[in-house]
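Report on the following structure.
The values are calculated or read from the model by the stated rules, or taken from the named source; none is laboratory data. The shown structure was predicted, so the numbers you read here are calculated from the model rather than taken from an experiment. In this analysis, Cβ positions are derived from the backbone assuming ideal geometry, glycine residues included, and neighbour counts consider all displayed protein chains. Areas reflect the complete protein model, heavy atoms only, side chains present, ligands, DNA and RNA absent. Shrake-Rupley method; radii C 1.70, N 1.55, O 1.52, S 1.80 Å.
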Amino acid sequence: MNALTEETIAVPATAQQLDAIHAALDRFWAKVDSTVTRPPDRVWRARFATAVAEIAANIISHAYPGGREPGPMLRLQLYAYPDRVEAYFNDQGVAFIPPPPTEDGPEPDPLELPESGRGLAVAQACLDGLAYRRTEDGTNEWHLVKRLSG
Amino acid sequence: MAEKMAEKKSMDVIVDSHPGGIGVLRPAGRLDLLTASEVRQSVAQVLAAGNRRLIVDLAGVSFIDSSGLAALISALKAARLAGGDLRIARLNAQARDLLELTSLDRVLRPYPTVEEALAGYSV
């Protein structure tokens with residue numbers, strides 16, 4: 001199935017580039033409005049944007065330890081289909097290591113949870129699918145999927 | 001040449017003081033990975049100035065991520081350690097959604113207006 005519309009950016013993997021990521025999302029929604037029969041509402045878009053921002057922040061924070069030189073890149077590709085929206089992130093940083101699964105037990109006091117590390121759980125909660133893979137050529141790929149309703 | 005992060009403010013945080021050691025902080029823009037440290041710094045300054053009961057007015061915050069939430073939680077802990085408290089007000093829909101998704105609405109109850117957050121402190 002071909003995408004109805006798409007948007008791609010490739011930027012240095014730094015926090016300053018979060019502006020560019022949000023701008024790419026804005027451009028994407030404008031295209032979605034003119035190509036998708038039933039464009040998603042603001043709540044839906046905000047959740048998708050939250051997921052995109054969390055994965056971007058995760059890449060920016062962890063993929064390139066030890067250096068902040070310009071160069072290491074992050075690529076974001078956004079696609080709209082009649083029934084879903086997808087995002088692909090690609091970076092050349094270190095492989096992502098999933099955090100250990102939380103143990104069963106009494107629900108922890110949210111104040112006592114580590115202050116970092118909620119991002120992936122938030123992204124997952126905002127999406128219908130979130131997958132990571134290390135590609136054959138040694139890059140990282142994140143795949144985000146959110147189904148359009150109706 | 002790399003930019004020096006310390007010299008460039010990425011977020012403005014306006015602070016108003018109210019009687020009774022109440023400080024109202026009004027960050028503007030996105031509260032995320034880039035700007036979370038600005039909020040932490042502002043809160044530290046407000047606490048150091050002797051205000052213990054804080055209100056963070058989020059009306060000017062267009063978007064918040066888990067880093068921004070972490071900064072607010074850290075601020076809440078700092079305020080309580082100082083013998084005070086911290087409340088958040090005027091969240092937009094995205095911020096309220098994120099708060100519920102993380103179950104943090106149980107510890108950081110959002111107030112609809114700054115006035116209501118202030119009223120609670122007067123009791």
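Worth a mention:
- Where a residue in segment B:96-123 is closer than 19 Å to B:Lys77 by Cβ and its partner, wherever it lies, is modelled with pLDDT under 90 and of a type in the set (Lys, Arg), with Cβ under 8 Å and at least six apart: B:Thr102/A:Arg118
Residue-by-condition table, conditions (1) open to solvent by 60 Å² or more (accessible area, probe 1.4 Å); (2) within 14 Å of the chain's Cα centre (by Cα):
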{"residue": "B:Ser10", "(1), (2)": "no, no"}
{"residue": "B:Ile14", "(1), (2)": "yes, yes"}
{"residue": "B:Gly23", "(1), (2)": "no, yes"}
{"residue": "B:Arg53", "(1), (2)": "yes, yes"}
{"residue": "B:Gly60", "(1), (2)": "no, yes"}
{"residue": "B:Ser67", "(1), (2)": "no, yes"}
{"residue": "B:Leu81", "(1), (2)": "yes, no"}
{"residue": "B:Ser103", "(1), (2)": "no, no"}
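- Subset of segment B:70-79 [in contact with a strand residue (DSSP E or B) (Cβ under 8 Å, 6 or more places away or on another chain) and facing another protein chain (nearest Cβ under 9 Å)]: B:Ala71, B:Leu76
- A:His62, sole failed condition from (1) within 14 Å of chain B (Cβ to nearest Cβ); (2) closer than 23 Å to B:Asp97 by Cα; (3) in contact (Cβ under 8 Å) with a residue 12 or more places away in the chain; (4) out of contact with any strand residue (DSSP E or B) (no Cβ under 9 Å at 6 or more places or on another chain): (2)
- Applying the condition of being of a type in the set (A, V, I, L, M, F, W, C) and within 12 Å of chain A (Cβ to nearest Cβ) to segment B:54-69 and asking which residue is farthest from A:Phe48 (Cα to Cα) yields B:Leu69.
- From the options A:Val94, A:Val52, residue that is at pLDDT 85 or above, of a type in the set (A, V, I, L, M) and outside any helix (DSSP H, G or I): A:Val94
- The single condition among (1) open to solvent by less than 10 Å² (accessible area, probe 1.4 Å); (2) over 23 Å from B:Ser10 (Cα atoms) that B:Ile88 does not meet is (2).
- Taking the criterion of being more than 11 Å from chain B (Cβ to nearest Cβ) and open to solvent by less than 60 Å² (accessible area, probe 1.4 Å), the residues of segment A:15-29 that qualify are A:Ala20, A:Ala23, A:Ala24, A:Phe28, A:Trp29.
- For A:Ile55, the criteria (1) surrounded by 21 or more Cβ atoms within 10 Å (Cβ to Cβ); (2) within 22 Å of A:Thr135 (Cα to Cα); (3) more than 15 Å from the chain's Cα centre (by Cα) hold in every case but one, which is (3).
- Boolean, A:Ala20 is in a helix (DSSP H, G or I), over 19 Å from B:Leu31 (Cβ atoms) and among the aliphatic types (A, V, I, L, M): no
- Selected residue [closer than 16 Å to A:Leu130 by Cβ, out of contact with any helix residue (DSSP H, G or I) (no Cβ under 7 Å at 6 or more places or on another chain) and open to solvent by 20 Å² or more (accessible area, probe 1.4 Å)] from A:Pro12, A:Pro72, A:Pro82, A:Pro99: A:Pro99
- The residues in segment B:82-99 that are away from every other protein chain (no Cβ under 12 Å), of a type outside the set (D, E, K, R) and out of contact with any Pro (no Cβ under 6 Å at 6 or more places or on another chain) can be counted, and the count is 4.
- Among the conditions (1) open to solvent by less than 20 Å² (accessible area, probe 1.4 Å); (2) of a type in the set (D, E, K, R); (3) at the interface with chain A (Cβ under 10 Å from one of its Cβ atoms), B:Arg30 misses just one, which is (1).
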